[in-house]
1. Applying the selection to the range 78-95, what residues are in a strand (DSSP E or B) and either small (G, A, S) or surrounded by 13 or more Cβ atoms within 10 Å (Cβ to Cβ) (or both)?
2. For the range 52-66, give me each residue that is surrounded by fewer than 17 Cβ atoms within 10 Å (Cβ to Cβ) and in contact (Cβ under 8 Å) with a residue 40 or more places away in the chain.
3. Looking at the range 47-68, can you tell me whether even one residue there is over 27 Å from K13 (Cα atoms), outside any strand (DSSP E or B), of a type outside the set (F, W, Y) and in contact with a Ser or Thr (Cβ under 9 Å, 6 or more places away or on another chain)?
4. So which residues in the range 104-124 are under 16 Å from K13 (Cβ atoms) and either outside any helix (DSSP H, G or I) or touching a strand residue (DSSP E or B) at 6+ places or on another chain (Cβ under 6 Å) (or both), if there are any at all?
5. Across the range 1-26, what is the number of residues that are surrounded by fewer than 18 Cβ atoms within 10 Å (Cβ to Cβ) and either touching a residue at least 60 places away in the same chain (Cβ under 8 Å) or closer than 16 Å to E59 by Cβ (or both)?
6. I'd like to know if the range 50-64 contains one or more residues that are touching a Phe, Trp or Tyr at 6+ places or on another chain (Cβ under 8 Å), among the basic types (K, R) and at pLDDT 95 or above.
7. Counting just the residues of the range 27-51 that are buried (at least 17 other Cβ atoms within 10 Å of the Cβ) and under 21 Å from H105 (Cα atoms), which one comes out farthest from the chain's Cα centre (by Cα)?
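The values are calculated or read from the model by the stated rules, or taken from the named source; none is laboratory data. These numbers were taken from a predicted model, which means no experiment stands behind them. As a convention, Cβ positions derive from the backbone with ideal geometry for all residues, glycine included, and neighbour counts pool all protein chains shown.
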Amino acid sequence: MKIQFSAGGIVFKRIGDKTEILVSQHSQHHGWVFPKGLIGDHVEKENKEETALREVKEEAGVNGKITRALNPITYWFVMDSEKIRKTVYYFLMEYVNGDISKHDHEMEAVVWLPKEKVEERLTYESDKTVWKEAKNLI
């Protein structure tokens, strides 16, 4: 068994009286998710907040400002016949700037969705769980 720690963000932006949320479609498994990545896989001694901000920038093309930490999500998956326990530290982020068309190759699509449409687009229960907490805070 292997253990992994990741960090990511749920990014929101307000346009008038409407709120939009950033979601991404992963290039490998094609699931709709919030951007996230392994802590410390690119930058030594990077903390979870720094990882979350970097991953949102890389995977979605935007800069966010952390407004608060969300409850971590833990789940299991299998990769290359190895069972992995993953904990993800998500942060609620307000959109600062950037362009979703400038996302990296890990995501095949990045979109802004109305707050009411996010849950039906998300693929995985872990993302739906953290979304339930986040939407009540936005």
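1. Taking the range 78-95 first, the residues in a strand (DSSP E or B) are 78-79, 82-95.
Passing the criteria: I84, R85, K86, T87, V88, Y89, Y90, F91, L92, M93, E94, Y95.
2. The answer is I66, and nothing else.
3. Within the range 47-68, the first condition is being over 27 Å from K13 (Cα atoms), and the residues that meet it are none.
No; the residues of the range 47-68 include none that is over 27 Å from K13 (Cα atoms), outside any strand (DSSP E or B), of a type outside the set (F, W, Y) and in contact with a Ser or Thr (Cβ under 9 Å, 6 or more places away or on another chain).
4. Within the range 104-124, V110, V111, W112, L113, P114, K115, V118 meet the criteria.
5. Keep residues of the range 1-26 that are surrounded by fewer than 18 Cβ atoms within 10 Å (Cβ to Cβ), which gives 1-5, 13-19, 25-26.
Within this subset, residues satisfying the condition of being either touching a residue at least 60 places away in the same chain (Cβ under 8 Å) or closer than 16 Å to E59 by Cβ (or both) are 1-5, 13, 18-19, 25-26.
Matching residues across the range 1-26 total 10.
6. No; the residues of the range 50-64 include none that is touching a Phe, Trp or Tyr at 6+ places or on another chain (Cβ under 8 Å), among the basic types (K, R) and at pLDDT 95 or above.
7. That would be I39.
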